[in-house]
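Following: one structure in structure tokens, then a few remarks.
The values are calculated or read from the model by the stated rules, or taken from the named source; none is laboratory data. Fair warning: this is a prediction, and the values are worked out from it, not measured in the lab. Cβ coordinates were reconstructed from backbone atoms using ideal geometry, including for glycine residues, and neighbour counts include every protein chain displayed.
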Amino acid sequence: MRLLLILIVIAAIFAVVQSQRHGCSWGQEGWFDCVLRGQTASETPRTAPAAPEPATPAPETPNP
């Protein structure tokens, strides 16, 4: 039981320190991601990136 309490306290201290380092505000959207990855919710992409343009086919060569 004592070990579990120590782990919870360590996790809380980690969250507070990382929150201060990354400039995260408690209660903001995406706070957990900000603490772990250093990104705010506005920086995290919400949609998949656009598909690249299709490559143009190579010109056909005539057969001799």
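Before moving on, here are some points about what is shown:
- Residue ID - modelled with the highest pLDDT, chosen from residues in segment 12-24 that are small (Gly, Ala, Ser) and surrounded by 10 or more Cβ atoms within 10 Å (Cβ to Cβ): Ala12
- For segment 27-34, the condition of being under 11 Å from the mean Cα position of the chain (by Cα), at pLDDT 80 or above and not in a helix (DSSP H, G or I) holds for at least one residue.
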